[in-house]
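Data block below; observations after.
The values are calculated or read from the model by the stated rules, or taken from the named source; none is laboratory data. Computed from a predicted structure; not experimentally measured. Methodologically, a virtual Cβ is constructed for each residue, glycine included, from the backbone with ideal geometry; neighbour enumeration extends over all protein chains shown.
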Amino acid sequence: MISMDTRRWIESWPVFRQVAEHDPFGLGAAVKSRRTDQLEPRVRRADEVVKSVCPYCAVGCGQQVYVEAGRVTQIEGDPDSPVSRGRLCPKGSASLQLTTGDAREYRVRYRRPFGTEWEDLDLDTAMDMIADRVISARSTGWQSHFDGVRTRRTLALASLGGATLDNEENYLMKKLFTALGAIQIENQARL
């Protein structure tokens, strides 16, 4: 005679349940454990789902961004996207780290020339430093004429946009650098 404990143990085997419940391919409830039966999707408690585009390359895979209590909790591929049809590459799948990762900085960090330590700056100081450097580079590298031809340009400024910029941001970068007189404007993500 088999003890009750042994019987329960045998009945807990997925293979036994597959045979007993006529589920030979293991596609039904026979293969669920108590733990997996209690699991719920990570996105079940989301307050809203926002459609977005992956920021990593020029492909433009669609993403669904799940937000709970004003905080991004999960990012998944968007099945409605004609580009990616719900799929994301490893970079796109890890894009949640852009918003919630431990390595994300929320302050301005600056290391002075020949310095060895980073220091924190307030945003206004950092923006003033950038503006001063742009104005200085533009004025020292300005060319009104070159070989007798009117150019009105500077070779001291250039822009290399990245794949994490969307179309609108790239458009604004192009406009800004053209207005500054730069002629070396490129984007590594263009098709």
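Take the conditions (1) part of a loop (DSSP other than H, G, I, E, B); (2) under 29 Å from GLY161 (Cβ atoms); (3) of a type outside the set (A, V, I, L, M); ASP23 misses just one of them, which is (2). Just checking, does the stretch 155-172 include any residue being among the aromatic types (Phe, Trp, Tyr), outside any loop (DSSP other than H, G, I, E, B), surrounded by 14 or more Cβ atoms within 10 Å (Cβ to Cβ) and out of contact with any Lys or Arg (no Cβ under 6 Å at 6 or more places or on another chain)? Looking through the stretch 155-172, none of the residues is among the aromatic types (Phe, Trp, Tyr), outside any loop (DSSP other than H, G, I, E, B), surrounded by 14 or more Cβ atoms within 10 Å (Cβ to Cβ) and out of contact with any Lys or Arg (no Cβ under 6 Å at 6 or more places or on another chain). Find all pairs meeting these conditions: Cβ atoms under 9 angstrom apart; at least six residues apart or on different chains; first residue within the stretch 135-160 and more than 26 Å from TYR171 (Cα to Cα); second residue charged (D, E, K, R) and assigned to a strand (DSSP E or B). Pairs that qualify, where the first residue is more than 26 Å from TYR171 (Cα to Cα) and the partner is charged (D, E, K, R) and assigned to a strand (DSSP E or B), are HIS145/ARG152; PHE146/ARG153. For the stretch 175-188, the count of residues that are in contact with a strand residue (DSSP E or B) (Cβ under 8 Å, 6 or more places away or on another chain), closer than 30 Å to VAL72 by Cα, at pLDDT below 90 and not assigned by TED's automatic domain parsing to the domain that holds CYS61 is nonzero.
Taking the stretch 68-86 as the region of interest, how many residues are surrounded by 15 or more Cβ atoms within 10 Å (Cβ to Cβ) and closer than 19 Å to ARG42 by Cα?
8
The number of residues in the stretch 27-59 that are outside any strand (DSSP E or B) and within 14 Å of the chain's Cα centre (by Cα) comes to 6.
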